[in-house]
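The values are calculated or read from the model by the stated rules, or taken from the named source; none is laboratory data. The structure presented is a predicted model; accordingly, all values stated were derived computationally and were not measured. Virtual Cβ from ideal backbone geometry, glycine too; neighbours counted across all protein chains shown.
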Amino acid sequence: MKTEQGLVVEVIDNVAKVRVGRHSDCKNCGACPGSESIIITASNKIGAKPGQRVIFEVKETNMLWAAFIVFILPLIALFVGAMIGGGLGKYLGVSISICQLIGGIAAALLAVLLVKKLDRDTEEKGKSKPQIIQILK
């Protein structure tokens, strides 16, 4: 697990929004807007209040799995769907290219829906949410 520091900017129930300075990994990625800091949502079981500096923990074990699901799974589904579509087109005696296109798009869309469902399930369970572990003085 990786620990980071941040400043609590808002607290609602047991959830805190924490402003975190971006590190070199974030600057290299560039996926998030803004260059200096980002706001993350963290579990706040220790009762941190707005304005307090905190240390929070991020589970890194799920990052590789999440990257695979988000980026690679739809590509694999696209390929498999195109192959199944091509086989089905050959079997039915219709245009193989059109069937490959339709099969690939259909499988990729199903994979995207699966990714969205997995994201919602993970969010509801709170498995991937960072957790505040210490309030700094």
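Pairs are defined by a Cβ separation below 7 Å, a sequence spacing of at least 6 or placement on different chains, a first member in the stretch 69-93 that is under 21 Å from Asp121 (Cα atoms), and a second member that is modelled with pLDDT of 95 or more and crowded, with 16+ Cβ neighbours inside 10 Å; the pairs so defined are Leu73/Ala111; Pro74/Ala108; Pro74/Ala111; Ala77/Ala107; Ala77/Ala108; Ala77/Ala111. Of the helices (runs of 4 or more DSSP H) lying entirely inside the stretch 44-137, those containing at least 1 residues that are under 30 Å from Val11 (Cβ atoms) span 61-67, 96-125. Quick check, is Ile102 of a type in the set (Val, Ile, Thr) and modelled with pLDDT under 90? Judged against the criteria, Ile102 is not a match.
For the stretch 80-115, a residue qualifies if it is touching a Cys at 6+ places or on another chain (Cβ under 8 Å) and surrounded by 14 or more Cβ atoms within 10 Å (Cβ to Cβ), and the qualifying residues are Gly85, Gly86, Leu88, Gly89.
Inspection of the stretch 99-121 identifies at least one residue that is closer than 30 Å to Ser43 by Cα and in contact with a Leu (Cβ under 7 Å, 6 or more places away or on another chain).
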